[in-house]
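Single-structure report; data block below.
Please treat every number below as a calculation from the coordinates, not as lab data. Just so it is clear, the structure is predicted and the values come from calculations on it, not from any experiment. Note: ideal-geometry Cβ built from the backbone for every residue, glycine included; neighbour counts use all protein chains shown.
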Amino acid sequence: MNNNKVTQTEMDTNVFSTLTPEVKAMAEKILAKVASYGSVSFAELNRIEGFSGGEWESLLPNTAVVLWAGMTDEGCKAWDFLAHSKLIEMKPSTPLVYWLDGASVNLPLTKGSNLKRYKKPHWLPVVFNATKAGSQIAKSIKCVEAIND
């Protein structure tokens, strides 16, 4: 009998092993919400306790394009981890989604696909969906329960 065999749940849990306990808890809550509902906006993520209320912004690399503002350190690090780990994916949305969700960024909207042209900050509304890997991890570590905490 091989006692060194690692279960899928243990492997999935190890994905979060580099995170602090606070960032790990936030990442699990974000992943739970995104995996449970799909097409989740930053405005919806703001409803997760501890996600908003800080001074962090999320920008597209090498641009003046703002995705969201007002995140806590834990919220920003958790979102960044999930996006870079390819557990959630981002797609452009409309401001209407944010207005219906009750929050937006007070900046001019981006237009077109050439996002590097902006010299001053502009807002790109986006929504998030869980990737296949993200959905599997959410199920295997039961982080859907984290959304109810």
Between their Cα atoms, which of K91/K139; K33/K77; K29/K116; K86/K119; K77/K119 are more than 21 Å away from each other? K91/K139; K29/K116; K86/K119; K77/K119
How would you order 127-133, 105-111, 85-91 from highest to lowest mean count of nearby Cβ atoms within 10 Å? 127-133, 85-91, 105-111
Taking every alpha carbon pair in the chain, what does the distance histogram look like in 10 angstrom bins from 0, in percent? 11, 40, 32, 12, 3, 1, 0
Estimated inter-spin distance, S36 and E49, nm [label 7 Å along Cα→Cβ]: 1.4 nm
Checking rank on 51-64, 69-82, with mean other Cβ inside 10 Å and highest first, the result is 69-82, 51-64
Total charge dipole magnitude, the chain, about the Cα centre, Cβ charges on Lys, Arg, Asp, Glu only, Debye to nearest 20: 700 debye
